[in-house]
Amino acid sequence: MKELIELYLAFLKIGAVNFGGGYAMLPLLEEDLNKKRGWVTTEELMDYFAIGQCTPGVIALNVSTFIGNKRKGIPGAVFATLGFLTCPVILILIITAFLTNFADIPLVKNAFAGIRVCVCVLILEAVIRLWKKSIIDRIAFGIYAVIFLLMAFSGLMPVKIPAAVFVVAAGIAGILIRGHKEVAG
C-alpha cells in the first residue's frame, strides 16, 4: 500500500503543476520519475508518449496510467491516474462552482497569458529531448522527414488523417526498414 500511496502522491504533484497537456509534462516526468526516483527510463517515457498519442484520451493521463501499471499493475494504474486527476478535477469544480465568466476576469487572462508562454517553453524542451533521443541515425531522420512532410501537407488532402495513423505508419516503417537492414547486414 505504501508504494501505491507514493504513486498517488507523485502524480498528484505532477497533476497540480501540469499546464499545457502531455508534452509539457515530459520534462516534469523525466526529472521526477526518471532522474529522481528511477521508476522509468527516458526511452520508456518516449514509448509511453507514443502509445498515449495513439490511444483514446488525454496523453498525460494515459502516460500516468502506463507508468502506474508498470510500477504496481492495475492498482498502480488506478492510483497514478487518480493522483494525476485529483488537482485538475478539484480546480475545475471550484471554478465552476464559484466563478462566473471566469475567463473574462483580467487577472485570470493575464495569468493564462503567462502560463501559455511557459507551456510553449516546456513543449519546446520536450521536443528537443525527444529529438536527441529519437533521431539517432539516417534511418530515423528519414522516417522523421517523411512523416513530417506528410503531416505538414495533410491539410491539403481531401480527408484529414488522424495523428495515430502517422504514428502507426512510422512504427511500420521502422520495423520494415530496420528489419530489412538487420537481415541484410
Self-check item: Net charge of Cβ neighbours under 15 Å - reference Met1; Lys, Arg +1; Asp, Glu -1
Solution: +1
Quiz item: What is the Cα coordinate range of region 135-185 on the first, second and third principal axes, sorted by size from largest, in whole angstrom?
Solution: 40, 16, 13
Exercise. With a bin width of 10 angstrom, please list the P(r) values of the chain as percents of all Cα-Cα pairs, from the 0 bin to the one holding the largest distance.
Key: 8, 29, 31, 23, 7, 1, 0
Practice problem: Mind checking the full-extension length gain between Ile5 and Lys36? Use 0.36 nm per residue of separation minus the Cα-Cα distance, one decimal, nm. | Solution: 9.5 nm
Quiz item: Just in region 1-77: which trypsin sites (Lys or Arg not before Pro) are loop by DSSP and have at most 14 other Cβ atoms within 10 Å?
Solution: Arg37
Practice problem: Report relative contact order for region 2-134 in percent, whole number only (criteria: Cα-Cα under 8 Å, sequence separation at least 6). | Solution: 34 percent
Quiz item: Where in the chain are the DSSP H helices whose alpha-carbon span along the long axis reaches 15 Å or more and whose Kyte-Doolittle mean is at least -1.0?
Solution: 2-17, 42-54, 59-98, 106-134, 138-152, 163-184
Quiz item: If we count every other residue with Cβ under 14 angstrom of Phe66's Cβ, Lys/Arg +1 and Asp/Glu -1, where does the sum land?
Solution: 0
Quiz item: What is the magnitude of the charge dipole of the chain about its Cα centre, with +1 placed on the Cβ of each Lys and Arg, -1 on the Cβ of each Asp and Glu, and no other charges, expressed in debye to the nearest 20?
Solution: 120 debye
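Read-outs throughout are calculated quantities, based only on the coordinates presented, and are distinct from any laboratory measurement. Here the structure is a predicted model, which means the values were calculated and not measured. Note: ideal-geometry Cβ built from the backbone for every residue, glycine included; neighbour counts use all protein chains shown.
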